[in-house]
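Q: Got a structure for you, written out below as structure tokens; questions coming shortly.
The values are calculated or read from the model by the stated rules, or taken from the named source; none is laboratory data. In this text, all values refer to a predicted model and were calculated from it rather than measured experimentally. Ideal geometry is used to build each Cβ from the backbone, glycine not excepted, and the neighbour counts take in all protein chains shown. Surface areas here come from the heavy atoms of the whole protein model, side chains and all, with no ligands, DNA or RNA. Shrake-Rupley method; radii C 1.70, N 1.55, O 1.52, S 1.80 Å.
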Amino acid sequence: MDCIFCKIVSGEIPSAKVYEDDTVVAFNDLEPQAPVHVLIIPKTHITSMADINEENSGVVAHIFEVAAIIAKEKGLDDGFRVVSNCGDSAGQSVKHLHFHLMGGRTFGWPAG
Ligand code: 5GP
Ligand code: ZN
């Protein structure tokens with residue numbers, strides 16, 4: 001499958017990994033929007049949050065455990081943001097489920 005993030009999982013495309021285990025990998029975003037900007041993804045190809053169901057939701061729970069671990073490791077004690085853009089109108093540019101873990105600055109709401 002021609003998917004950038006599957007290629008990052010396989011190592012075909014290099015990335016700066018900050019965490020990896022059997023089911024997920026986390027790496028620095030190529031164009032960081034905050035001092036800490038990590039992408040956490042499942043190793044299996046899931047297109048977006050719209051494809052989460054009873055069978056595969058466990059990996060999403062695990063991704064949130066990993067987000068908390070990375071946030072602690074990165075010293076984001078003041079707070080952080082976790083975002084998953086789902087679909088074109090939300091601005092999802094890579095069609096492999098991913099969660100942006102961002103911190104190290106203050107954020108506006110709902111954007112910025
Ligand atoms: P989206 O726009 O789909 O929510 O987020 C996709 C993110 O992936 C963007 O923040 C973009 O900078 C990042 N990205 C796209 N291609 C690559 C890549 O090859 N390597 C890394 N590390 N990040 C990428
Ligand atoms: Zn993929």
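Q: Considering only protein heavy atoms, what per residue accessible area in square angstrom results for the chain with a 1.4 angstrom probe?
A: Result: 58 Å² of accessible area for each residue.
Q: Can you tell me the order of 89-95, 68-74 when each peptide is scored by its average per-residue count of other Cβ atoms within 10 angstrom, highest first?
A: Going from most to least packed, we get 68-74, 89-95.
Q: Moving on to the next point. Can you find, among CYS86, ILE41, GLY103, the residue sitting farthest towards the positive end of the charge dipole of the chain, where Lys and Arg contribute +1 and Asp and Glu -1 at Cβ?
A: GLY103
Q: Something else: Amide H of TYR19 versus every other amide H placed in the peptide plane: which residues, excluding those fewer than 5 positions away on the same chain, fall under 5 Å?
A: Here ALA26 satisfy the definition.
Q: To continue, here is another question. Can you give me the % of accessible surface on the chain that is carbon or sulfur? Probe 1.4 Å, all protein chains present, nothing else counted.
A: So the carbon and sulfur contribution to the accessible surface is 53 percent.
Q: Quick check: Cα centre of the range 32-55 to Cα centre of the range 80-112, how many Å?
A: 10 Å
Q: Roughly how tilted is helix 58-73, in degrees to the nearest 10 and between 0 and 90, from the longest Cα axis of the chain?
A: Orientation of helix 58-73: about 30 degrees from the principal axis.
Q: Still on this model: Work out, step by step, the length gained on full extension between ASP2 and SER84: first 0.36 nm times the residue separation, then minus their alpha carbon distance; give nm to one decimal.
A: 27.4 nm is the gain from fully extending ASP2 to SER84.
Q: Under the rule a/c < 1.5 gives rounded, and otherwise a/b versus b/c splits prolate from oblate, where does the range 1-85 land using the Cα gyration tensor?
A: oblate
Q: Let me ask you something else. Give me the accessible area of ASP77, 1.4 Å probe, in Å² rounded to the nearest 10.
A: 130 Å²
Q: Kindly provide the helix-only [θ] at 222 nm of the chain, computed as the sum of -39,500 (n - 2.57) over DSSP H runs of four or more divided by all residues, to the nearest 500 deg cm²/dmol?
A: -6500 deg cm²/dmol
Q: Further question: Under 15 Å from a label point 7 Å along Cα→Cβ of THR23: give me every residue in the range 66-90 with its amide N that close.
A: 66-68
Q: How much accessible surface does PHE80 have with a 1.4 Å probe, in Å² rounded to 10?
A: 90 Å²
Q: Let me ask something additional. Where does each of 8-16, 101-109 land if you order them by average Cβ count within 10 Å, highest first?
A: 101-109, 8-16
Q: Related question: Any chance you could run the full-extension gain for ASP77 through VAL94? It's 0.36 nm times the residue separation minus the Cα-Cα distance, nm to one decimal.
A: That pair, ASP77 and VAL94, stretches by 3.2 nm at full extension.
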